[in-house]
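To start, the structure itself, in structure tokens.
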Amino acid sequence: MKIADYCTGIQHIGIPTNDLEKTLAFYKGIGFSAVLETLNEKSREKVAFLQNGNLVLEIYENHCACMKTGAVDHICIDVTNIEKVFECIKNGHFQLLDEQIQFLPFWENGVRFFTIVGPNEEKIEFAQKL
């Protein structure tokens, strides 16, 4: 069993913002369309997913954007079996940020995900839309 067996590509790129409306206007201006706007109840953050072709951005208003190069918070890899990938990651001794698989009620049926830390302190999220 390999992690790659369950990965289908990049699901989205996460970008924090201090001003959601300004950020949405910018990305819409360069060709993105909003495909989901919601509220993350747990963190109390407004969230929007924007799409242009096969590229999806997750923009969330956390008022902690660093406002400099390197502002992308995470990349998310789309998976077909979150439990199997979580098992592979745990067995591979990667640094987990989430001790268990998380859930958010985004999209039609929700999404399950977890995040690890890469060698340069980058965050890699693995997510399965339900």
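The values are calculated or read from the model by the stated rules, or taken from the named source; none is laboratory data. Computed from a predicted structure; not experimentally measured. When we count neighbours, we look across all protein chains shown, and the Cβ atoms used for this are built from the backbone with ideal geometry, even at glycine.
Tabulated values for the structure
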{"read-out": "Candidate set: the range 22-45, residues that are β-branched (Val, Ile, Thr) and over 25 Å from Arg112 (Cβ atoms); chosen: the one farthest from the chain's Cα centre (by Cα)", "value": "Ile30"}
{"read-out": "Residue that is modelled with the lowest pLDDT [pool: residues in the range 1-36 that are farther than 19 Å from Met67 by Cβ and basic (Lys, Arg)]", "value": "Lys2"}
{"read-out": "Subset of the range 56-110 (residues that are under 16 Å from Glu45 (Cβ atoms) and among the polar types (S, T, N, Q))", "value": "Asn62, Gln102"}
{"read-out": "Residue ID - surrounded by the most Cβ atoms within 10 Å (Cβ to Cβ), chosen from residues in the range 30-46 that are closer than 21 Å to Gly9 by Cα and either of a type in the set (S, T, N, Q) or touching a Leu at 6+ places or on another chain (Cβ under 6 Å) (or both)", "value": "Phe32"}
{"read-out": "Some residue of the range 47-68 being within 16 Å of the chain's Cα centre (by Cα), crowded, with 18+ Cβ neighbours inside 10 Å and at pLDDT below 90", "value": "no"}
{"read-out": "All positions within the range 85-130 that are small (Gly, Ala, Ser) and under 16 Å from the mean Cα position of the chain (by Cα)", "value": "Gly110, Gly118, Ala127"}
{"read-out": "From Gly9, Gly14, residue being exposed (fewer than 12 other Cβ atoms within 10 Å of the Cβ) and either within 16 Å of the chain's Cα centre (by Cα) or part of a strand (DSSP E or B) (or both)", "value": "Gly9"}
{"read-out": "Qualifying position, being surrounded by fewer than 13 Cβ atoms within 10 Å (Cβ to Cβ), modelled with pLDDT of 95 or more and either farther than 12 Å from Ile77 by Cα or in contact with a Ser or Thr (Cβ under 8 Å, 6 or more places away or on another chain) (or both), among Asn109, Asn91, Asn120", "value": "Asn109"}
